[in-house]
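Enquirer: Before I ask anything, here is the structure I am working with.
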Amino acid sequence: MNEVEVKILEIDRDAVVSRLEELGAEKVFDDEMYAVYLDYDDERLKRYGDLLRLRKEGSRVMLTFKKHVSDTPAKVREEYETPVADFGTTRDLFRRLGFIEWLVVRKRRVSYELDGTHYDIDRYLDDFGHIPEFLEIDARDMESLSKGIELLGFSGEDCKPWTFVDLAMHYSGGK
């Protein structure tokens, strides 16, 4: 399944939440996330824009592979995701298989869903705590994404088709 998403930087959290609730969006998640990003020694996944991630989402653990499709006008990835029983065991398995951990992040996420579109308000913690809170809108296709953006009063100019690395570089003065 394809994931079509954008980030909207430096949002007014209260206004976004108020609008989502006014529209009847359902709050589906409110907890911390801890993620480990994995790659081969030669960094071939990163080179091709692909991603392998093990993430603890509250009490749930998910293994995700995202295959790069496009970065304009939204970030589009072919996404494969499955739950796994144990974060530590799965992490150890990948280490023993020779994968390297190139990034470890922790964030606070509040998620809403409306008509199949996901709205995630993210705030990174620890080493990336300097990144201001932002909104990520994730939809099944460009039409749904555009509708989700407009429903919240944003425009295409407000949207960035960025990965976490792009976001981190932007707030470190690199983009």
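Enquirer: Can you spot the lysines whose alpha carbon is less than 30 Å from LYS27's alpha carbon? Ignore those fewer than 8 places along the same chain.
Expert: LYS7, LYS56, LYS66, LYS67, LYS75, LYS107, LYS147, LYS160
Enquirer: Another question, if that's okay. Looking at the chain as a GNM with Cα springs under 10 Å, which of ARG53, ARG123, ARG44 has the largest mean-square fluctuation?
Expert: Residue with maximal mean-square fluctuation among ARG53, ARG123, ARG44: ARG44.
Enquirer: GNM on the chain, C-alpha springs below 10 Å: top fluctuator among LEU93, LEU52, LEU152?
Expert: Greatest mean-square fluctuation among the candidates belongs to LEU93.
Enquirer: So what's the gap between the Cα centers of the range 1-39 and the range 134-175, to the nearest angstrom?
Expert: Between the Cα centre of the range 1-39 and that of the range 134-175, the gap is 11 Å.
Enquirer: Also: Hey, what number do you get for the chain at 222 nm if only DSSP H runs of n ≥ 4 count, each worth -39500 (n - 2.57), divided across all residues, to the nearest 500? Don't jump to the answer; show the numbers that get you there.
Expert: On the way: 5 runs with 42 residues, N = 175.
For the chain, the value works out to -6500 deg cm²/dmol.
Enquirer: Here's a follow-up. Under 1.5 on a/c is rounded, so check that first for the range 55-137, then, if it is not, pick prolate when a/b is larger than b/c and oblate when it is not; a ≥ b ≥ c are the square roots of the alpha carbon gyration tensor eigenvalues. The partial results should precede the final answer.
Expert: Working: a/c = 1.56, a/b = 1.34, b/c = 1.17.
It comes out prolate by the Cα gyration axes.
Enquirer: Which entry is the computed Cα Rg over 2.2 N^0.38 Å for this structure: (1) 4.67; (2) 0.99; (3) 1.03?
Expert: Of the labelled values, this structure produces (3).
Enquirer: Here's something else I'd like to know. Using label points projected 7 Å from each Cα along Cα→Cβ, tell me how many nm separate HIS68 and GLU21, to one decimal.
Expert: It works out to 4.1 nm between the two label points.
Laboratory data are not the source of any read-out in this text; all were calculated from the coordinates shown. These numbers come from a predicted model, not from an experiment. FYI the Cβ positions are ideal-geometry reconstructions off the backbone, even for glycines, and counts take in every protein chain you see.
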